[in-house]
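Asker: Dropping the structure in here first, questions after.
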Amino acid sequence: MKKYLLFIFIGLVSFSGCQPDITSFEMGNPEASCKILIAGVSSEFKDAVVRKVIDTLGADSYFFKGIGLGEFEKTDLSGYNAVLIVCMYSAGKIDENVRGYFSNDPTGGKLIGLFTVGSERSQPVINIDAVSSASEMNMVEKRAEEIVTLIKKRCGGR
């Protein structure tokens, strides 16, 4: 009986697409003129894209703060030039903590989305700049380049 309950639990977690929040971090130059907030969930692919974005932009010229999606709603976004939301699109929905931000950007254009998709055939309605990808490690560099371009656009090309 315990085995069956365990399999049911694992199936529910897999189906619901639960992923842990990213570990909070701060890195880079706090005096930098371009500050980036990264709010999201963690996976091997998503973490690799975020690391590549940070490595490409450089910690000397930018300031990065990472938070989990659970903290996003209560975070003041006004001090950031760009806000990268990292989440997944599963069962036809973007994570409920940030779903509204993908259709209505209250920041005046600071938002950038990165969401992973599985075998979904449909795409969510998005009214912000966003990058979507299957979680394939050979796509890390390409997705990071796309995000870097969007961040630089928000930081005046720097």
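Computed from the coordinates by the stated procedures, all read-outs in this text should not be read as laboratory data. Predicted, not measured: the structure shown is a model, and the values here were computed from it. Every residue, glycine as well, gets a Cβ built from its backbone with ideal geometry; the counts of neighbours run over all protein chains shown.
Asker: Would you work out which of Gly92, Phe102, Leu150 lies farthest towards the positive end of the dipole of region 62-158, given +1 charges on the beta-carbon of Lys and Arg and -1 on that of Asp and Glu, about the Cα centre?
Answerer: Leu150
Asker: Select from region 30-95 those GluC sites (Glu not before Pro) which occupy a DSSP coil region and have at most 14 other Cβ atoms within 10 Å, ordered by residue number. Working shown, then result.
Answerer: On the way: sites: Glu31, Glu44, Glu71, Glu73; in loops: Glu31, Glu73.
Loop-located and lightly packed - Glu31, Glu73.
Asker: To continue, here is another question. Amide H of Met88: which non-local residues (sequence gap of 5 or more, or other chain) have their own amide H closer than 5 Å, using H built in the peptide plane?
Answerer: Here the answer is Asp95, Thr116, since their amide H atoms fall under 5 Å of that of Met88.
Asker: Please order Asp76, Asp55 by the number of other Cβ within 10 Å, starting at the fewest. Don't skip to the end; give the middle numbers.
Answerer: On the way: Asp76 7, Asp55 11.
Lowest to highest Cβ neighbour count: Asp76, Asp55.
Asker: Sticking with this structure for a sec: What ranking of Lys152, Lys46, Lys93 emerges when the number of other C-beta atoms within 10 Å of each C-beta is taken as an exposure proxy, fewest first? Intermediate results must be reported in sequence, preceding the final value.
Answerer: On the way: Lys152 16, Lys46 24, Lys93 12.
Listed from fewest to most nearby Cβ atoms, that is Lys93, Lys152, Lys46.
Asker: Once you order the gyration tensor axes a ≥ b ≥ c over the Cα atoms, which shape class does region 47-105 get: rounded for a/c under 1.5, otherwise prolate or oblate by comparing a/b with b/c? Mind dumping the intermediate values first?
Answerer: Working: a/c = 2.38, a/b = 1.49, b/c = 1.60.
Oblate shape, in that a/c is at least 1.5 and b/c is the bigger or equal ratio.
Asker: Would you kindly state how much longer the chain becomes between Lys152 and Ala91 on full extension, computed as 0.36 nm times their sequence separation minus their alpha carbon distance, in nm to one decimal? Please list the in-between numbers first.
Answerer: Working: separation 61, 0.36 × 61 = 21.96 nm, distance 3.21 nm.
Gain on extension, Lys152 to Ala91, equals 18.7 nm.
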